[in-house]
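A.B. asks: Got a structure for you, written out below as structure tokens; questions coming shortly.
The values are calculated or read from the model by the stated rules, or taken from the named source; none is laboratory data. The model shown is predicted, which means the values in this text are computed figures rather than measured ones. Quick reminder, even Gly has a Cβ in these numbers, built from the backbone with ideal geometry, and neighbours come from all protein chains shown. Ligands, DNA and RNA are stripped out before the accessible areas are found, and what is left, the full protein with its side chains, is counted by its heavy atoms. Shrake-Rupley method; radii C 1.70, N 1.55, O 1.52, S 1.80 Å.
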Amino acid sequence: MTQLEAARKGIITPEMKKIAADEFMEAEKLMCLIADGKVVIPKNKNRDFAQVMGIGRGLRTKVNANIGTSGDRPFIDCELDKLKAALDAGTDSVMDLSTGGDLEAVRRAILEASPVMVGAVPLYAVAAELAMADKNTEMMDPEVLLRSIEKQCEQGIDYITVHCGVTKESVARMDRTDRVCGIVSRGGSITANWIRRNGKENPLYEYYEDLLDIAYKYDVTLSLGDGFRPGAIADASDRAQIDELIILGELAKRAKERDVQVIIEGPGHVPLNQIEANMTLQKTLCDGAPFYILGPLPTDIAPGYDHITAAIGGAIAGAAGADFLCYVTPAEHLCLPDENDVREGVIASRIAGHIADIAKGYPGAMERNILMSKYRKELNWEGMFSLAIDPAKAREKFERNRDVDSCSMCGKLCAVKIDKKLPTI
């Protein structure tokens, strides 16, 4: 049975026990949250890996790193190097978004090497194979798509992004909007174009029950994709985005009835003053399902620094209820990320997630900050490094230019040293 099915029957699985212990939560409480669809455990029945985790209410905010080949850079070794960089930086998940080279071999290599959950967007593989054969994506065969989804699930993918909320009706509504940036989701764009060209319903919506059969068979978590997410802050919270979210809420309910775990994907570019409202709306329309967000990015004008932009948005979104942050790297909107971009993206998202966890009252989050402050007062550098989100970078900066027991910023005018010398009044 699936994790959701077990929870609904009152069964605490070994995965639930492990996660409950890791997350400072009673196993019975975790089981109830899973049964209610508020928490998911993305773990394919066909795959065993060391760091099984949960995503959702009451748990630490998780971070995902996207990796994968492109048609211009189809090299498996490069993606495995990025996987290592992501893991070294502390990612909780990776997604294989490969679109170039031997896609099955890349997927297999990542699955074998990753000790964390692995996600994918099955549509990419089908579209990429058509592109490599010089065929348009509108020629995609629905049966081939479903077969590819099952093949990838059988291979061991733990969760899949499926753009089921892009329908004939919602595409027609999108086409009547005056969006600044149109459709920026690759999966959303491919699906919408297929619908327009063929005049048929989205196969993932029309054959949703078949998709649920596959997901149930392998206990693959469905990540209901946001094909109409805003790609410009001017487009945020528009009718197309909200219309899709309403559909996703309905599909999430149908999945739960079939004992299939679900998370909901959320907006990309959202101005700061709309982020909290977007989180509240998603939780309301989707009955509290875990929310997986890209960023969000509260400004459009920081290419090269979008990991910072996303960290700002991610911290606010996480504090308002988002459960899973998809990283954004400095390469976003510019090029395929390299290892350093991957590392910077993961660290930025982890910072955002930790800030959110403080606001949520997650056990140990505030205590870690208090201990860091005590170490700073004591000038206990090793203690500070041990608590840093990126210990290696903190140590490297400190060692760059220092005297015996302080950093080079203040020297003899160190506030902490001066404060220690003050007499008690």
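A.B. asks: Which numbered condition trips up V260, out of (1) touching a residue at least 40 places away in the same chain (Cβ under 8 Å); (2) open to solvent by 50 Å² or more (accessible area, probe 1.4 Å); (3) aliphatic (A, V, I, L, M)?
C.D. replies: Unmet condition: (2).
A.B. asks: Tally up the residues in region 399-412 that are out of contact with any Ser or Thr (no Cβ under 9 Å at 6 or more places or on another chain) and either modelled with pLDDT of 80 or more or surrounded by 13 or more Cβ atoms within 10 Å (Cβ to Cβ) (or both), please.
C.D. replies: Within region 399-412, residues that are out of contact with any Ser or Thr (no Cβ under 9 Å at 6 or more places or on another chain) and either modelled with pLDDT of 80 or more or surrounded by 13 or more Cβ atoms within 10 Å (Cβ to Cβ) (or both) number 3.
A.B. asks: Pairs only if they're at least six apart or on different chains, beta carbon under 7 angstrom, first in region 1-24 and polar (S, T, N, Q), second open to solvent by 50 Å² or more (accessible area, probe 1.4 Å); list them, first residue then second.
C.D. replies: T2/Y216
A.B. asks: If you don't mind, another one. Take region 154-171 and flag every residue that is under 18 Å from the mean Cα position of the chain (by Cα) and not in a loop (DSSP other than H, G, I, E, B).
C.D. replies: Y159, I160, T161, V162
A.B. asks: Next up: What is the one condition in (1) more than 15 Å from the chain's Cα centre (by Cα); (2) surrounded by fewer than 23 Cβ atoms within 10 Å (Cβ to Cβ) that S98 does not satisfy?
C.D. replies: Here S98 clears every test but (2).
A.B. asks: Now, a different point. Consider region 1-54. How many of its residues are touching a strand residue (DSSP E or B) at 6+ places or on another chain (Cβ under 6 Å), under 20 Å from D213 (Cβ atoms) and in a loop (DSSP other than H, G, I, E, B)?
C.D. replies: 1
A.B. asks: Now for a separate question. When D178 is evaluated against the numbered criteria (1) of a type outside the set (A, V, I, L, M, F, W, C); (2) over 14 Å from A255 (Cα atoms); (3) part of a helix (DSSP H, G or I); (4) open to solvent by 50 Å² or more (accessible area, probe 1.4 Å), which criterion, by number, is the only one it fails?
C.D. replies: Single failed check for D178: (3).
Per-residue answers, yes or no, for (1) touching a helix residue (DSSP H, G or I) at 6+ places or on another chain (Cβ under 6 Å); (2) open to solvent by 20 Å² or more (accessible area, probe 1.4 Å):
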site: V106; (1), (2): yes, no
site: G119; (1), (2): no, no
site: V126; (1), (2): yes, no
site: D134; (1), (2): no, yes
site: E138; (1), (2): yes, yes
site: P142; (1), (2): yes, yes
site: I149; (1), (2): yes, no
site: E154; (1), (2): no, yes
